[in-house]
Amino acid sequence: MIEIEVLDGRVRASDDGRPITLTLDDAWLVVALTLAGEPGLHARTVMSALGVSSATLRKRMERFRARTGLEFTSEGVKADKVYRLDRAGVDVDALRFLEMTDEIRRSGDQGVDDAVEAARSLWKSGLPQFPGRPGPAPDAYDRLGKAYGYLADRCRRILIVDDQVGDNLAQRLGRSRCTVAHTFDEFEKLRADLGNFDLAVVDLHLTNTYADATGDTIVREINAMGVALPVAMITRRPPENRSVPEWIKSLALVDVIFKAGDGPGADMAYVAQRVNELLREGTTALACDQLMQRVQRLRRKARQRLRADRSEADYREAVDQMERDADRIGRLASETRLGPARAETERFVTTYGE
């Protein structure tokens, strides 16, 4: 069995578990050939993408066949030739993803949670891109993107922490699975389940006044736990004496969303729209970006603190260690490993200060 994986941002192939080494041209051909629709992969497309002539195309395709083990047929001559993959004994994660999504569409809304999670687990970093080359399978990429968007809107788990408009917002986000916590105590009961949500939408004020900032406390708890749960804050008014950009950076929020009002009749259309936009943009990546900005701010302050009462040699040694710690957080965040990056950031704060 030849297995092809293209949903992790790169192309990987194996034959009965043995990795197949792919050149950049091979990777493009693997995607183009395996995802080609009807009538198949046109020779002109290959020639344009790989910069080969019709005279050398046949040899190029034979070498590709030998390196990958993929079998394909061809019809026509020279530039008018069309290649078709023999799919027997070939498993492509992108094609399985489309098949699973089509089955979920046919099944309707009943009993598909496990199927949605299984399909979504195939989509890791998304489809590979080939800068400077034409798209290997534009129609298939379009179908896959729409399928991913469909699943992203289905069975997402959103935690809403709001004392007044939480239920209203949950109704607006009806295609997602929303859990509403109306108080801090209700949120605390969900601590063990926080890693299973795709996004938390937290109200800054959980009382009938604007005197508290319980939302900040909740976000700090999530950060301290090192859980991979992106957080968006919602509020009717910003906190006093703090700019919104600074607020976002200090807590590594994915966004601050302003609601039009409070109470059961408040219009949550804009908040729901923005939540859906954030989910499509990728909340984990957004949270990691904000975390990296927070760490940059922390490392600048740490350098100043480390200067006090140290010799130049001790200062340089302390700064070098701090920079290594900060770089480790940056690597975790760049790999969108939000949970470990948060945990390391909390250790950084304990060691070097806020």
Which of the numbered conditions does residue 135 fail, given that it passes all the others? Conditions: (1) buried (at least 17 other Cβ atoms within 10 Å of the Cβ); (2) outside any loop (DSSP other than H, G, I, E, B).
(2)
Here are the criteria: (1) more than 22 Å from residue 348 (Cβ to Cβ); (2) of a type outside the set (A, V, I, L, M); (3) surrounded by fewer than 16 Cβ atoms within 10 Å (Cβ to Cβ). Tell me which single one residue 195 does not satisfy.
(1)
Complete set of residues in the range 24-47 that are open to solvent by 30 Å² or more (accessible area, probe 1.4 Å), in contact (Cβ under 8 Å) with a residue 40 or more places away in the chain and either among the β-branched types (Val, Ile, Thr) or out of contact with any Lys or Arg (no Cβ under 8 Å at 6 or more places or on another chain) (or both):
24, 37, 45
Mind telling me which of the residues 260, 302 ends up being closer than 30 Å to residue 316 by Cα and of a type outside the set (D, E, K, R)?
302
So which residues in the range 76-101 are more than 29 Å from residue 148 (Cα to Cα), in contact (Cβ under 8 Å) with a residue 12 or more places away in the chain and either open to solvent by 70 Å² or more (accessible area, probe 1.4 Å) or among the charged types (D, E, K, R) (or both), if there are any at all?
78, 80, 81
Which one of these is open to solvent by 10 Å² or more (accessible area, probe 1.4 Å), in contact (Cβ under 8 Å) with a residue 60 or more places away in the chain and either of a type in the set (D, E, K, R) or not in a helix (DSSP H, G or I) (or both): 289, 327, 262?
262
Which numbered condition in (1) in a strand (DSSP E or B); (2) touching a Leu at 6+ places or on another chain (Cβ under 6 Å) is the only one that residue 229 fails?
(1)
Odd one out for residue 275, checked against (1) under 21 Å from residue 238 (Cα atoms); (2) at pLDDT 90 or above; (3) open to solvent by 10 Å² or more (accessible area, probe 1.4 Å); (4) of a type in the set (A, V, I, L, M, F, W, C):
(3)
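The values are calculated or read from the model by the stated rules, or taken from the named source; none is laboratory data. Nothing here was measured: the structure is a model prediction, and the numbers come from that model. No Cβ is skipped: glycine too gets one built from the backbone with ideal geometry, and neighbour counts run over all protein chains shown. Ligands, DNA and RNA are stripped out before the accessible areas are found, and what is left, the full protein with its side chains, is counted by its heavy atoms. Shrake-Rupley method; radii C 1.70, N 1.55, O 1.52, S 1.80 Å.
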